[in-house]
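The values are calculated or read from the model by the stated rules, or taken from the named source; none is laboratory data. Remember, predicted model here, so these are calculated numbers, not experimental data. Note that we place each Cβ from the backbone using ideal geometry, even for glycine, and neighbour counts take in every protein chain shown.
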Amino acid sequence: MRASRPLIVCTHCDTVHERVPVQGAGLARCVRCDTELYRHSRFSPREWQALVLAVFILFLIANLFPVVYLSMAGKTVSPTFPKALLLIWQQGYWGLSVMAGLVGFWLPLFQLIFQFWALGLIAREKPLPGDFGIGLRALSHLEHWSMTAVLFLGLIVAMVKFAGIGHLTIAPGLYAFFALTFLLTGLSRITAGRLWRWAEDRDLVPVSTRQVLKEHPTWSACTHCGFVQSSQKPDCDRCGATVHKRKPNSRTRVAALVLTACVFYIPANVLPVMELRSILGSSAHTILGGVIELWQLGSWDLALIVFIASIVVPITKLLALMILLLGRRWRGNAVQRQRNRIYDMVELIGQWSMLDVFVVVLMAALANFPGLSQIIPGAGALSFGMVVVLTMLAALSYDPRQGWDKDTHEEPIIEPQTTPSPPASQATS
């Protein structure tokens with residue numbers, strides 16, 4: 001049995017904790033900045049692996065079967081998401097096709113593959129292969145870019161816009177997307193950090209303990225696997241990633257990315273995101289025009305969602321990132337906790353702005369009636385997608401630990417705050 005508990009370092013303030021067990025629905029939080037460190041899982045790695053396999057099958061059904069049948073003037077289209085990507089690729093909008101395809105199909109697919117692979121290796125409780133660390137490093141990057149939930153909402157918006165134009169029939173793919181969205185939300189708990197902790201508990205990987213800090217007074221924690229080691233070592237002994245005490249040139253990169261996103265935001269709102277061509281003529285539509293159109297169709301709830309995702313969220317992200325950059329002189333635990341909440345909010349809402357990009361891609365597939373109607377993506381769609389990507393990269397480049405560097409705390413190693421699971425009478429099913 002291990003002499004001392006494994007260490008876990010807060011990714012937001014760099015406070016070192018000893019990992020204590022939590023039960024039921026309990027979780028552990030950093031005592032310094034209140035960031036969630038980890039939570040208990042009721043399922044074993046083998047049970048999670050079975051769920052990943054089921055979700056993988058559902059993912060294939062959702063993407064290979066039609067999501068809807070749209071009939072107009074005796075013609076019927078039955079688009080799938082891959083068909084929609086191929087269509088706009090053939091129309092010459094390669095950048096938009098690649099962007100939507102990566103975050104809507106390929107990256108979620110690879111995330112499932114890496115999760116299934118890692119869970120299987122941990123569940124068998126045998127020595128791990130040398131590429132285990134590389135796989136989990138890849139998974140840690142994929143976690144931020146899986147946008148199936150945003151894609152599903154885009155499907156709903158696109159269907160509503162065509163509801164009064166032709167005859168719509170829901171197809172099996174849409175039901176699969178509905179179930180897939182909820183199951184992937186649950187699978188989002190299978191992060192690289194949780195997989196490393198499971199491997200630690202089974203003695204499959206090296207573990208950092210109090211002894212490491214005694215031997216190396218100057219230490220650094222790997223941002224990919226959480227392993228604590230001497231600051232003198234450039235690479236992580238556990239996963240092989242390059243280790244930095246703080247992200248190098250973090251503020252400079254964030255400022256550059258935010259400035260570039262602001263530049264792209266102008267054409268994203270001024271230029272049309274799509275052009276509708278029909279036998280009656282052609283008309284261009286901007287992002288705000290799409291919101292107004294949904295409102296006029298009577299779908300005020302979807303209009304509000306699109307307005308928030310396409311207008312409010314990008315502006316909020318840009319302003320929040322600017323506040324984080326300009327507020328570097330603010331000190332004190334209370335202020336730093338507020339900054340952490342702003343940063344968490346930016347990470348949480350970051351991907352939802354991709355909604356408009358998905359709507360344009362899906363509407364192009366739904367309106368593909370040669371001679372009757374056709375939707376062509378506009379330059380504004382790619383510009384808007386670039387705003388989303390750049391703001392997400394800015395959030396990933398930001399290092400929240402820098403705000404805590406001049407604030408000292410007494411205990412170098414402490415136990416986290418644990419929240420116990422609710423009593424059986426209060427637990428929800």
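In the set (1) touching a Pro at 6+ places or on another chain (Cβ under 8 Å); (2) farther than 17 Å from Phe178 by Cα, Phe43 fails one condition alone, (1). Restricting Met345, Met386 to those that are under 15 Å from the mean Cα position of the chain (by Cα), surrounded by fewer than 22 Cβ atoms within 10 Å (Cβ to Cβ) and of a type outside the set (Ser, Thr, Tyr) reduces the list to Met345.
Would you confirm, using the coordinates I've provided, whether Ile190 is at pLDDT below 90 and β-branched (Val, Ile, Thr)? Against the criterion (at pLDDT below 90 and β-branched (Val, Ile, Thr)), Ile190 does not qualify.
Tell me yes or no: at least one residue of region 3-18 is without any contact (Cβ under 8 Å) to a residue 12 or more places away in the chain, on the phi < 0 side of the Ramachandran plot and surrounded by fewer than 16 Cβ atoms within 10 Å (Cβ to Cβ).
The answer is no; no qualifying residue exists.
Filtered by the rule that a residue be touching a residue at least 12 places away in the same chain (Cβ under 8 Å), more than 30 Å from Leu366 (Cβ to Cβ), within 18 Å of the chain's Cα centre (by Cα) and in a helix (DSSP H, G or I), region 105-160 gives Phe114, Gln115, Gly135, Leu136, Arg137, Ala138, Leu139, Ser140.
Which of the following residues is hydrophobic (A, V, I, L, M, F, W, C) and farther than 25 Å from Leu51 by Cα: Ala138, Ala163, Ala118, Ala176? Every option except Ala163 fails the conditions. Among the numbered conditions (1) modelled with pLDDT of 90 or more; (2) touching a Pro at 6+ places or on another chain (Cβ under 8 Å); (3) not in a helix (DSSP H, G or I), the only one that Pro206 does not meet is (2).
Okay, residues lined up against (1) small (Gly, Ala, Ser); (2) over 21 Å from Leu204 (Cα atoms):
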{"residue": "His12", "(1), (2)": "no, yes"}
{"residue": "Ser44", "(1), (2)": "yes, no"}
{"residue": "Glu47", "(1), (2)": "no, no"}
{"residue": "Val67", "(1), (2)": "no, yes"}
{"residue": "Met99", "(1), (2)": "no, yes"}
{"residue": "Phe110", "(1), (2)": "no, yes"}
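Across region 173-185, not a single residue is classified as small (Gly, Ala, Ser), surrounded by 15 or more Cβ atoms within 10 Å (Cβ to Cβ) and in contact with a strand residue (DSSP E or B) (Cβ under 7 Å, 6 or more places away or on another chain).
Are there helices (runs of 4 or more DSSP H) fully within region 300-383 with at least 3 residues that are within 20 Å of Lys161 (Cβ to Cβ)? List them.
Those helices (runs of 4 or more DSSP H) span 300-307, 355-366.
Apart from one condition, Thr218 fits all of (1) closer than 18 Å to Gln402 by Cα; (2) surrounded by 14 or more Cβ atoms within 10 Å (Cβ to Cβ); (3) free of Cβ contacts under 8 Å to residues at least 40 places away in the same chain; (4) in contact with a Ser or Thr (Cβ under 6 Å, 6 or more places away or on another chain); the exception is (2). Within region 56-88, being touching a Gly at 6+ places or on another chain (Cβ under 9 Å), among the hydrophobic types (A, V, I, L, M, F, W, C) and over 14 Å from Met363 (Cα atoms) holds for Ile61, Ala62, Leu64, Phe65, Met72, Ala73. In the condition set (1) among the basic types (Lys, Arg); (2) part of a helix (DSSP H, G or I); (3) over 30 Å from Leu321 (Cα atoms), Lys233 is compliant with all but (2). Selection of region 236-254 for residues being crowded, with 18+ Cβ neighbours inside 10 Å and either hydrophobic (A, V, I, L, M, F, W, C) or touching a strand residue (DSSP E or B) at 6+ places or on another chain (Cβ under 6 Å) (or both) yields Cys236, Cys239, Ala241, Val243, Val254. Among the residues of region 188-209, those that are under 16 Å from Pro127 (Cβ atoms), surrounded by fewer than 21 Cβ atoms within 10 Å (Cβ to Cβ) and of a type outside the set (A, V, I, L, M, F, W, C) comprise Asp201, Arg202, Asp203, Pro206. Checked against (1) more than 19 Å from Pro6 (Cα to Cα); (2) assigned to a loop (DSSP other than H, G, I, E, B); (3) modelled with pLDDT of 90 or more, Cys225 meets all criteria but (1).
Could you look through region 282-315, keep only residues that are among the β-branched types (Val, Ile, Thr) and surrounded by fewer than 17 Cβ atoms within 10 Å (Cβ to Cβ), and pick out the one that is nearest to Ile375 (Cα to Cα)? Among them, the one singled out is Ile292. Determine whether Ala100 is crowded, with 17+ Cβ neighbours inside 10 Å, small (Gly, Ala, Ser) and over 15 Å from the mean Cα position of the chain (by Cα). No. When region 365-379 is filtered for residues that are crowded, with 24+ Cβ neighbours inside 10 Å and under 15 Å from Gly95 (Cα atoms), only Pro377 remains. Scanning region 213-247 for residues that are in contact with a helix residue (DSSP H, G or I) (Cβ under 7 Å, 6 or more places away or on another chain) and aromatic (Phe, Trp, Tyr) yields a single hit, Trp219. Output the residues belonging to region 41-74 that are exposed (fewer than 15 other Cβ atoms within 10 Å of the Cβ) and assigned to a loop (DSSP other than H, G, I, E, B). Hits for region 41-74 are Arg42, Phe43, Ser44, Ala73, Gly74. Kindly indicate whether any position in region 258-279 is aromatic (Phe, Trp, Tyr) and either outside any helix (DSSP H, G or I) or touching a Ser or Thr at 6+ places or on another chain (Cβ under 9 Å) (or both). Checking region 258-279: at least one residue is aromatic (Phe, Trp, Tyr) and either outside any helix (DSSP H, G or I) or touching a Ser or Thr at 6+ places or on another chain (Cβ under 9 Å) (or both).
Only one of the numbered conditions (1) of a type in the set (Val, Ile, Thr); (2) closer than 18 Å to Leu382 by Cα; (3) surrounded by 15 or more Cβ atoms within 10 Å (Cβ to Cβ) is violated by Ile266, and that is (3).
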